[in-house]
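Comments concern the structure below.
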Amino acid sequence: METGVLLSDFPKSWGPRRQFEELLRQVEAAQRNGFRYLCLGQHFLYGDYTCLQPIPVFARLAAEVDPDVRLVTTILMSPVYHPVQLAEDLATLDVMTEGRLVVGIGLGYRPEEFEYLGVPFGERVRRFEEGLELMKAIWTQPSVTFSGEFWQLSGAEPHIDTWQDPYPPVWLGGHAPKAVRRAGRVANGWIIPPAVELSDIGPLLEIFRGEQVRRGLAPSLQPLRRNVFLGADRRDAMEQFMRASANRYLHYARNGHEQWRVEDIERSFTDAVGAHVLAGTAADVLAEIRQIARTLPVNPLILRAGWPDMDPDWFISYLDALGAELVPGIAETEPMVLTAPAAG
């Protein structure tokens, strides 16, 4: 199995110089410790935490990372963009990364972000689907004529070719069955978020695979995101995880994330989020990962190891611990072998 890591957002109070320096430290440590996918999320006007915007960050990192490292937007809020601009920005980024870009996109969940950008929140699904259709046309057609609800083009001639053919892999976020069905219908992959419990992944992947089969696509392994924390045992690991991430979960809950409620997190952090984190000794976590690989068609495994309330040195030393104790074992783990459905 391949392993990736979600780069952390930062406390706003650090200021831009420290944020940039710590971002580069994270990237260097991730590469040093065998992570082959570097992932970065997105928010707008986010308050206490700074989420540096993925497209310009990855353009800067394209020259920093090793040739076998892929850069993943997890996720861009595509409904708030004009699809012509986003298609050209991403095509340019695919060139700058020499074909190592993975485009992760999703609907977004904070109504205020849509309000800030003048996009009606209730239109986000329709804008998402129409925008992706138009972006694919821009990436693949020499001349684009398009008539949609929101955007129209007549004989437009795209001028930036993507490095990857026909375009970078598109991964969709989301956890509800309708979101998974949408991913199977229009994307290359469904990036499975930590909020989806392991017991629910199999049925949702069947929904995804059903849509892919209807498109005539062969079965494929899907990217799995998990939070991870190592410790002397599960209790110790969860205590460290709570110290690192509890404030961030409370921020999610206070900012409209439907998966989390403030009262649940404050009442029992472990009960609220314990099912969404691989926690325990390195041996225990690796055993759980290998069980996942035996039972679910997933690869790569994208780990969230850092949180903005972690001291930077703690985060870097933790990446080193993962590189020494966990990543080599994941690399030796064989993912599930998929077979195409029988003809007829």
Exercise. In Å³ and rounded to a whole number, note down the convex hull volume per residue for the Cα atoms of region 197-344.
Key: 126 Å³
Quiz item: Just for the chain, what percent of DSSP beta bridges are antiparallel, to the closest 5?
Solution: 15 percent
Quiz prompt | For peptides 301-309, 281-289, sequence by mean Cβ density within 10 Å, most packed first | solution = 301-309, 281-289
Quiz item: Does anyone have the angle between helix 177-186 and the longest principal axis of the chain? Alpha-carbon axes, 0 to 90°, nearest 10?
Solution: 50 degrees
Self-check item: Interatomic Cα distance distribution for region 1-84, bins of 5 angstrom, percent
Solution: 3, 14, 25, 24, 18, 11, 5, 1
Exercise. Send over the semi-axes of region 122-185's equivalent ellipsoid, whole angstrom and largest first, taken as the square roots of 5 times the C-alpha gyration tensor eigenvalues.
Key: 24, 17, 7
Self-check item: Loop-resident sites, region 215-264, for trypsin sites (Lys or Arg not before Pro), counting at most 11 other Cβ within 10 Å (DSSP)
Solution: R215
Self-check item: Isotropically averaged projected area of the chain, using the convex hull of Cα atoms (one quarter of hull area), nm²
Solution: 17.6 nm²
Practice problem: Could you calculate the FRET efficiency of V213 with E98 from 1/(1 + (r/R0)^6), where r is the beta carbon distance between them and R0 is 30 Å, rounded to 0.05? | Solution: 0.40
Self-check item: Rounded tilt (10° steps) of 16-32 against the dominant C-alpha axis of the chain
Solution: 80 degrees
Quiz item: Where does helix 83-96 land angle-wise versus the long Cα axis of the chain, in degrees 0 to 90, nearest 10?
Solution: 60 degrees
Self-check item: Residue-span extension gain [S13 to Q141] - 0.36 nm each, minus C-alpha spacing
Solution: 41.5 nm
Exercise. Write down Rg/Rh for region 1-159, rounded to two decimals, with Rg from the C-alpha atoms and Rh from the Kirkwood relation over Cα pairs.
Key: 1.00
Quiz item: With each label point set 7 Å from Cα along the Cα-Cβ vector, what nm distance links W151 and V125?
Solution: 2.0 nm
Self-check item: Added length on full extension, which subtracts the Cα-Cα distance from 0.36 nm per residue, Q53 to D313
Solution: 91.3 nm
Quiz item: Ranking F241, F269 by Cβ neighbours within 10 Å, fewest first, what do you get?
Solution: F269, F241
Quiz item: Using the Cα atoms as the points, what is the convex hull volume per residue of region 62-136 in Å³?
Solution: 92 Å³
Exercise. Evaluate the Debye formula for region 219-269 with equal point scatterers sitting on the alpha carbons, no solvent, and hand back log10 of I(q)/I(0) at q = 0.14 Å⁻¹, in q order, two decimals.
Key: -0.47
Exercise. Please give the length that would be gained between F20 and A283 if that part of the chain were fully extended, namely 0.36 nm times their separation in residues minus their C-alpha to C-alpha distance (nm, one decimal).
Key: 91.3 nm
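Read the figures in this text as sums done on the coordinates, not as results from a lab. Only a predicted model underlies this, so the values are computations on that prediction, with no experimental measurement involved. Note: ideal-geometry Cβ built from the backbone for every residue, glycine included; neighbour counts use all protein chains shown.
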